């Protein structure tokens, strides 16, 4: 169940919508978030026109829909399963008969759990223009003194980002509402889905309370579930990680690393071409640049750890082929902890005297770091014609393959 509504772009469209839907209504930007630009419980044309102007500050298109009575609930569905549910309450203060509304707000904001924006589990309450409009409609101001025990809601929406609070109700949700939330996420096609609904009681089926789903969020916040104001905290991050990286699966992409005195770039390019030809999206580094799926994104000597990290962080790459030179290794490390295959072409007397490497044996010791990073089931591919490279295989824990020219 959802409220009837439409999308408008002007006051003429708003008039048509009101004629069709009647009052009370809600206005909110089509592409808004965090409750920005939303006005609820509109009962007359003047407030409707103001709600339209407010919503258009955040987007050209404005949703106009029927207002539904009920408490505000957020249901979180991850990978098709309901993970957590929270009842959200708008930012509010309770009068004590002595302090002004502003003083009451300041007192609430002293809560160490509150901070600016999303820096803490709760957001500080800000008396913005929306709050001032609410006070004005009640013939109040920030200097007014509330009677003892009276609760005043300072926002029309219950978003945590505007100072609201949350109570965990995961264990109270009715099976009908649970199934409905999982079906909504599936119909919309979201792996991570925050479903907002209004109902008088989450423990009663939605079709019996005449409640409604009012919004589906593709990027829901987790604060209200991880650290609710009241109730049991829920570890909602774990199901997300399990969905992205199922237990038993690897979170790594294959890495082939190449080092040696001569032939590194040619070998890197040949391997990258072979891997790409069987369908992988390859990122590779060489002495002339960084390439992502065949496109050069960086020029220059890119054979160090920083360049390797550039490739490994690219979300489009699912196979890395990395030229790893002595200079880059000494300058910034490898950029990875383990690799699947390491190739050592040879060790020669070129470039001695640079970065405190004065002998061929010292050069071999540096380049020998690479095959030692190969995982146990991986392969070190070593030049059998080069005694220093051949000797690297004697102390390795991985599989070793030798080649000869």
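When the residues of region 148-180 are filtered to those that are assigned to a loop (DSSP other than H, G, I, E, B) and in contact with a helix residue (DSSP H, G or I) (Cβ under 6 Å, 6 or more places away or on another chain), the one that is modelled with the highest pLDDT is 154.
Sort through 260, 327 and tell me the only one that's assigned by TED's automatic domain parsing to the domain that holds residue 387, under 21 Å from residue 349 (Cα atoms), out of contact with any helix residue (DSSP H, G or I) (no Cβ under 8 Å at 6 or more places or on another chain) and at pLDDT below 95.
Every option except 327 fails the conditions.
So that you can scan it fast, the table gives a plain yes or no per residue for (1) touching a residue at least 24 places away in the same chain (Cβ under 8 Å); (2) under 19 Å from residue 263 (Cβ atoms); (3) part of a loop (DSSP other than H, G, I, E, B); (4) touching a helix residue (DSSP H, G or I) at 6+ places or on another chain (Cβ under 9 Å):
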residue	(1), (2), (3), (4)
291	no, yes, no, yes
303	yes, yes, yes, yes
315	no, no, yes, no
331	yes, no, no, yes
341	yes, yes, no, yes
361	yes, no, no, yes
372	yes, no, no, yes
388	yes, yes, no, yes
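The set of residues in region 118-147 that are over 24 Å from residue 71 (Cα atoms) and either assigned to a strand (DSSP E or B) or in contact with a strand residue (DSSP E or B) (Cβ under 9 Å, 6 or more places away or on another chain) (or both) comprises 120, 140, 141, 142, 143, 144, 145.
The residue that is nearest to residue 88 (Cα to Cα), among those in region 1-50 that are touching a strand residue (DSSP E or B) at 6+ places or on another chain (Cβ under 6 Å) and in a helix (DSSP H, G or I), is 48.
Across region 192-217, the qualifying residues are those that are in a loop (DSSP other than H, G, I, E, B) and in contact with a strand residue (DSSP E or B) (Cβ under 7 Å, 6 or more places away or on another chain), and the one among them that is farthest from residue 70 (Cα to Cα) is 202. When you look at residue 234, is it on the phi > 0 side of the Ramachandran plot and in the same structural domain as residue 181 (by TED's automatic domain parsing), yes or no? Spelling it out, it is not the case that residue 234 is on the phi > 0 side of the Ramachandran plot and in the same structural domain as residue 181 (by TED's automatic domain parsing).
The values are calculated or read from the model by the stated rules, or taken from the named source; none is laboratory data. This structure is a prediction, so every number in the text was calculated from the model and none was measured. All Cβ positions, even for glycine, are placed from backbone atoms using ideal geometry, and neighbour counts span all protein chains on display.
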